[in-house]
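Data block below; observations after.
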Amino acid sequence: MKGVILAGGTGSRMLPATQVTNKHLLPIYNKPMILYPLDTLKKMGINDMLIISGKEHVGHIIGLLGSGRQFGLNLSYKVQDEAGGIAQALGLAEDFAKDDKVTVILGDNIFEDTFEVSDFGEGARIFIKTVPDPERFGVAEFSEDKIIGVEEKPLAPKTNYAVTGLYVYDNRVFDFIKNLKPSARGELELTDVNNFYIKSGKMDYKVVQGFWSDAGTFESLFRSSEYIKRKSDSDKNL
């Protein structure tokens, strides 16, 4: 299993803080944001990771993480030359993945849980969590206990289960991406990839129990920092 951290995007929702650096280098409490998804993958037993970012600030990320040796990891980097969507960015990992499976995490996602992927065979897996504002996310739709679709940022969500920014795919994901058509906003959407797997009957899911936040807004960045601070204080008192 290989890991892919998607750390691109313009960070437009967080200007002016992202005027001169990548969003994923902003601090969450006492560490740069990107160290948290890095740690999530490492706890899953994944040590070989590719980080994909835009050309504007990828050098800053390399300056922070280097080869990964200080973290006990083997890190590689790929530049997304233009903003073409999350699925387009993931498509850049095909050569890195070779014939292996990949666990993909968005660089602004903060998880409390430790996840197990050794039981993953083929197809895809998404990680979902109940949220009070599902219209902000891709939303999972169920028939009994089976996912039958994911709808991106629906005005009237069918459930309150948001699809978090953690995914596991077999190697077919790259073939699916090659057949995608751009969405209305001109990007290749990971939701469309997930729906390919759902239609082929090869999607499963796990429910996230602990804290989760995407730290892509000032409000969620602050909420994530509050959580990490509380956890740090609690660990000190053990």
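The values are calculated or read from the model by the stated rules, or taken from the named source; none is laboratory data. Owing to the predicted nature of the structure, the values given are computational and were not obtained by experimental measurement. Cβ sites come from the backbone with ideal geometry, for glycine too, and all protein chains shown count toward neighbours.
Things worth noting here:
- If you go through the range 1-54 and pick out every residue that is among the polar types (S, T, N, Q), over 17 Å from GLY216 (Cβ atoms) and touching a Ser or Thr at 6+ places or on another chain (Cβ under 9 Å), you end up with 1.
- Selection status of ASP175, acidic (Asp, Glu) and in contact with a strand residue (DSSP E or B) (Cβ under 8 Å, 6 or more places away or on another chain): no
- Within the range 16-50, the set of residues being β-branched (Val, Ile, Thr), over 22 Å from GLU112 (Cβ atoms) and either surrounded by fewer than 19 Cβ atoms within 10 Å (Cβ to Cβ) or within 16 Å of the chain's Cα centre (by Cα) (or both) comprises VAL20, THR21.
- Scanning the range 86-135 for residues that are surrounded by fewer than 21 Cβ atoms within 10 Å (Cβ to Cβ), of a type in the set (Asp, Glu) and either out of contact with any Leu (no Cβ under 8 Å at 6 or more places or on another chain) or over 23 Å from ASP192 (Cβ atoms) (or both) returns GLU94, ASP95, ASP99, ASP100, GLU112, ASP113, GLU116, ASP119, GLU122, ASP133.
- Candidate set: the range 213-238, residues that are modelled with pLDDT under 90 and of a type in the set (Lys, Arg); chosen: the one nearest to GLY84 (Cα to Cα): LYS231
- Test: residue in the range 116-127 that is modelled with pLDDT under 95 and basic (Lys, Arg): no
- Candidates GLY210, GLY149, GLY186, GLY201 - the one that is at pLDDT 90 or above, loosely packed, with under 12 Cβ neighbours inside 10 Å and either among the aliphatic types (A, V, I, L, M) or more than 17 Å from the chain's Cα centre (by Cα) (or both): GLY201
- Any pair with Cβ under 7 angstrom, 6 or more apart, that starts in the range 113-138 at a residue that is without any contact (Cβ under 8 Å) to a residue 24 or more places away in the chain and ends at one that is assigned to a loop (DSSP other than H, G, I, E, B) and loosely packed, with under 11 Cβ neighbours inside 10 Å: GLU135/LEU155
- Meets criteria (farther than 20 Å from PHE120 by Cα, at pLDDT below 90 and of a type in the set (A, V, I, L, M, F, W, C)) for ALA162: no
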